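The values are calculated or read from the model by the stated rules, or taken from the named source; none is laboratory data. All figures in this text were calculated on a predicted structure; none of them were measured in a lab. All Cβ positions, even for glycine, are placed from backbone atoms using ideal geometry, and neighbour counts span all protein chains on display.
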Amino acid sequence: MTALFSLEGRTALVVGAAEGGLGAYAARALAAAGATVAVADLEARADDLAATARECGGSTHHVDVTDEASVGALVDAVAREHGRIDVLVACQGAMLRREIGLTSPAEWQRVLDVNLTGTWLLDRAVLPVMSEQGYGRIVNVSTVYAERVGPIPESAYYASKAGIANLTRSVAQEGGPHGVTANCLAPAVFYPTRMTAPLADDPDRLEWFRARTMLGRLGDPATDLTGPLLLLASDAGAYLTGQILYVDGGWSAW
Ligand SMILES: NC(=O)c1ccc[n+]([C@@H]2O[C@H](COP(=O)([O-])OP(=O)(O)OC[C@H]3O[C@@H](n4cnc5c(N)ncnc54)[C@H](O)[C@@H]3O)[C@@H](O)[C@H]2O)c1
């Protein structure tokens, strides 16, 4: 039965994998399941990325997902170095906690570029590689806010993450005939990561988030995403595609 979840012989690319974030935990989980793992993040995060790579082996790549050429070079390099790309985890992200009236068009565009266009560029670049192989697992990362909003004004973030959900369905549609699945992980609040660490200054908000879950606790970045990720990344998820998998302690079920 464990063979179903094994990634022995598979190559996974995790983007947004610098130490301290969900991508780093994802990279470690995929490596522990047997995958060769290529990790990627901004050049500015080189030290943190190297820290992830030291634990996972595989290869290290600098990428800016907002730049088409950079994404193309990343996918070419990983495919060349490892011979194939079986799994993509698009875990990069940008957050902007700001009211709509105080958000400039440039700030809106930046969040959209990193979250939505970046995911689109990554999916678009790996799809031909996976289609050629006749096998692929695309895991895009949205949020529990994929189809709702939360108490903090974050219009650019919410819009970008909703876009990722429907982008994923569309990629699933195009990849299906070629043996490629595409699904979304939709986490609630996982704490702490680099993105959620500022919540330490807002204990009332943290408590609100905790109470919003049915399980009465925040997500643990080290453990709570591992099983759902391996399901979507392995043969266990062979007949799962176009889905938004909420990993939210019951948040979205109220
Ligand atoms: N932590 C949570 O509670 C939570 C909840 C729901 C969804 N998410 C999503 O999970 C993903 C990871 O979030 P996290 O909490 O680990 O935050 P994080 O800030 O630690 O991770 C985001 C990563 O993306 C990288 N990145 C940013 N811009 C990039 C670019 N242009 N090119 C390449 N890499 C870039 C960052 O350097 C960073 O390593 C994000 O998509 C986030 O929206 C997180």
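At a glance:
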read-out	value
Residue under evaluation ASP86, criteria (1) closer than 19 Å to LEU232 by Cβ; (2) within 16 Å of the ligand (Cβ to nearest atom); (3) of a type in the set (Asp, Glu), criterion not met	(2)
Index of the failed condition, THR2 passing every other in (1) within 23 Å of SER142 (Cα to Cα); (2) of a type in the set (Val, Ile, Thr); (3) surrounded by fewer than 16 Cβ atoms within 10 Å (Cβ to Cβ)	(1)
Search result, residues across the range 128-155 that are surrounded by fewer than 18 Cβ atoms within 10 Å (Cβ to Cβ) and within 15 Å of the ligand (Cβ to nearest atom)	GLU147, ARG148, VAL149, PRO151, ILE152, SER155
Unmet requirement for PHE190, which otherwise passes all of (1) more than 22 Å from LEU231 (Cα to Cα); (2) aromatic (Phe, Trp, Tyr); (3) buried (at least 18 other Cβ atoms within 10 Å of the Cβ)	(1)
In the range 134-170, the residues that are more than 12 Å from THR241 (Cα to Cα) and among the charged types (D, E, K, R)	GLU147, ARG148, GLU154, LYS161
Filter result for LEU229 (under 30 Å from GLY176 (Cβ atoms), part of a strand (DSSP E or B) and within 16 Å of the ligand (Cβ to nearest atom))	no
Condition met for THR52 (within 11 Å of the ligand (Cβ to nearest atom), crowded, with 19+ Cβ neighbours inside 10 Å and more than 13 Å from ALA90 (Cα to Cα))	yes
Unmet criterion (only one of (1) away from the ligand (no atom under 11 Å from the Cβ); (2) in a helix (DSSP H, G or I); (3) aliphatic (A, V, I, L, M)) for LEU199	(1)
Residue in the range 210-221 that is in a loop (DSSP other than H, G, I, E, B), at positive phi and modelled with pLDDT of 95 or more present	yes
Tally of residues being under 24 Å from SER70 (Cβ atoms), more than 16 Å from the ligand (Cβ to nearest atom) and in a loop (DSSP other than H, G, I, E, B) across the range 11-34	0
Subset of the range 23-35 [surrounded by 24 or more Cβ atoms within 10 Å (Cβ to Cβ) and either within 19 Å of TRP120 (Cα to Cα) or in contact with a strand residue (DSSP E or B) (Cβ under 6 Å, 6 or more places away or on another chain) (or both)]	GLY23, ALA26, ALA27, LEU30, ALA35
Answer from ILE244, ILE152, ILE164 - the residue that is modelled with pLDDT under 95 and closer than 22 Å to VAL114 by Cβ	ILE152
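Rundown of residues vs (1) away from the ligand (no atom under 13 Å from the Cβ); (2) exposed (fewer than 13 other Cβ atoms within 10 Å of the Cβ); (3) not acidic (Asp, Glu), yes/no style:
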residue: ALA44; (1), (2), (3): no, yes, yes
residue: LEU74; (1), (2), (3): no, no, yes
residue: ALA79; (1), (2), (3): yes, no, yes
residue: ILE100; (1), (2), (3): yes, yes, yes
